1. Between ARG639 and ALA72, what is the label-point separation in nm under the 7 Å Cα-to-beta-carbon projection?
2. Relative to a virtual label point 7 Å from the Cα of ARG168 in the Cα→beta-carbon direction, which members of the stretch 329-344 show backbone nitrogen distances below 11 Å?
3. What net charge do the residues around GLY389 carry, taking every other residue with its C-beta under 12 Å from that of GLY389, with Lys and Arg at +1 and Asp and Glu at -1?
4. Tell me the net charge near ALA232. Cut-off is 15 Å between Cβ atoms, ALA232 excluded, with +1 for each Lys or Arg and -1 for each Asp or Glu.
5. Treat each spin label as a single point 7 Å out from the Cα along the C-beta direction, and report the THR745 to ALA268 distance in nm.
6. With each label point set 7 Å from Cα along the Cα-Cβ vector, what nm distance links ARG451 and ARG534?
7. If the chain between ALA219 and ILE730 were fully stretched, how many nm would it gain, using 0.36 nm times the residue separation less the Cα-Cα distance?
8. Using +1 at the Cβ of each Lys and Arg and -1 at the Cβ of each Asp and Glu in the chain, identify which of VAL148, LEU720, GLY580 lies farthest towards the dipole's positive end.
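We did not get these values from a lab; they are worked out from the coordinates using the rules stated. Treat the numbers as computed from the prediction; the structure is a model and nothing was measured. Every residue, glycine among them, receives a Cβ derived from its backbone with ideal geometry; neighbour counts consider all protein chains shown.
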Amino acid sequence: MARYRIELTAEAAEFEDGFPVGNGRLGAMLHGRPGIELIDLNADTFWSGGPLPPPTTPGPADLLPALRRAVAAGEHARAEALAVRLQGTAWTQSYQPLGQLEWRHGDQRDITGYRRHLDLAEAEAVMQYSAASGAIRVAAYASAPDGVLVVTATGAGTVPAAVAPRLRSPHPGVTAARIVDPVAGPCVVWTGRAPAHVVPNYVADRHPAVVYATDTPAADGTVEAGMGFAVATAVRRTAEGLLLVVAVETGFRGHEHRPVADGAPLTAAAVARLAAALARAPQALRARHVEDYRRLFDRADLHLSGPAAAGPAELLFHLGRYLLISSSRPGTQPANLQGIWNADVRPGWSSNWTLNINTEMNYWAAESTGLEQLHEPLFQLTRDLAVAGERTAARHYAARGSAVHHNSDLWRFTAPVPGDPQWSNWPSALPWLAAHVWDHLAYGAGAGFGRATALPVLRAAARFALDLLVPDGEGALVLSPSTSPEHHFRFGADGFAATSWGCALDQELAREVLTRFVALSARWPAPADAALAREAATALRGLRQVPIGADGALLEWYDERPPREPGHRHLSHLYGLFPGTRITETGTPADFAAARRALAIRLEHGSGHTGWSRAWILGLAARLRDAALAAETIGALARDLCSTSLLTLHPDPGRPSGQIFQIDGNLGVVAGLTELLVQSHDGAIALLRALPAEWTAGTVRGIRCRGGHTAAVTWRDGRLESATVVAGAIGPLTVELAGPAAVHTADGTPVTTIEVAGAPPGRHRLCWAARSGTEYRIG
């Protein structure tokens, strides 16, 4: 269907204009070039580096008391200098490309009628055109069931013989071998190695920036760093045209284990995967792929009619869900800054997991749009980091629990990297990740997940938060040291610094994680947690609230401090409004008004100049019930911060286009769009809280809500026409809407409801006794 398609009439001018396909493990970016298709290949576990070596020198934790004294005394320059000394000496490693396949599939003469589209309903990239010798159609998809990339070329314009592709890899020493497998038949396999070390692209004064190892693998095929890879391809002539199948393998064996660099076992594994796929008929391969994909994609849908149908919102909703399905599956790595699509050896910000907003944003919509099992890679990363961060907490802070800073990678890096404290010295990543663990429980995960994942993660985060708390001299507890991610405040005539105490984001996260640990330790009591729960409860009573400034806005730092960038892209001090849940219109009205003012100030000064920042603004607008801001934000995102293929962008002056693809905006915008229509964070399932005026009519379905419920809504002329809620549990069920409404079960039986308090102005809340699995119809 056309409403699930991104349609273009020109090939990709830049990487970010291509069409991405993926199965969570293998990623491919198709450029849509007539005659010779260009396909950038990635594998989720193909990174530079190797397992983190154990430290050989003492940590800098002995500096912490002096740093805290400088912060308390307002000695900003000294605090900043000490914060730099508290940092580590290493950076994260970088996500790597395998290379670019060039595949000659058809006639390149006299091209007419060119068009290409990305089919979001069936996860397939298609290119069609006519050449001198006839029409050509090229279609590509990445199959999760079979673990391969499949590309077909059909039509009279295809080349008469099966031509093997070429791999152009940026890595030196890549070798090609022609193999005849008993099952797969003739294959071409390329093998090579990743760099042993890559300095991040934002570090300019380190040479060499990319280092390749020259060591010989040990007897077991492993090395300290610089894993191997294999790319296996086979091309077959079929009755319809040409079939290209691609399989990839990497030497990753786990973040604590030496990677494999011997090409022989990687070749064997890639060819075996290729052979298994080729044993199936092409039609069966595609059918298995579509069935697997649609099992996830069809769980939720958004359909806008009227003037909004021609706008970008619906496509952005479908594209974001498509990208998460394509880049994150159980057993894979989580989606990184670019999902699983990257063509650079030194990609932007290492294409790593940036944990001060971006990685978390990737998963904001996983629970609400029916993709909850795709959250699992993030949970595995969180479990791993909770363990790895114990050493960082001890070495850098002499603290219990686990400290995780703003960047991580395949090897579960947790330390503060060298550089400016505004981004390096932020140790609150684990509490933010813990929010996703909590949400998984809130949306209906069972006790097994709670005991095995949620409780250990929250325990580790709570221990560290408690050890970071200090008295502020005014009767309250604040985290020290503390920074507001990637932002400075000004002091003196021309000074600026990041290091402080009690910054808004850190305070919000500490309150959240301590509150939730207390709740879980009561839900699943264990003698070992009793003392820690009491300590957390005591700390919560003294924890400083985020203050409101003289201008009526929530403060970003401990007290009134001029921001270095009033229009900064990060909106960290608004976490409590979104994606957090503490600030609500009726529960905390003063903070709600202060959050509205803080956002207005940011926007007045130009915030929202990256794709992900706009996605965050959309979520905030939804929580503020500001439909006009939401509509403006969607328009600005699509108009100014998306590529031709609707991939969201971040400014990057170092690139020819001046921009780089980052997936967070694409994935985060889905959460914002969903929140405009259905919210469930403040005690009710709230319908159509922030419906843009342009969205005169439409339907959304399959929206999961906290409590395990599922909602669908239809509206016309800007008003609710009907809604259904399938209850996920027995007990009181509260729905909020613009006016009173009747409630019936699916068989028409009336349901007795009562109106309850808690609704924002102009809204109503209806409550009734629900039965698990029962469908309730409203309107």
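1. 5.2 nm
2. Under 11 Å, as judged by backbone N against the label point of ARG168, lies no residue of the stretch 329-344.
3. Within the 12 Å Cβ shell, the charges total +4.
4. +2
5. 6.1 nm
6. 2.5 nm
7. Gain on extension, ALA219 to ILE730, equals 178.1 nm.
8. So the residue furthest toward the plus end is VAL148.
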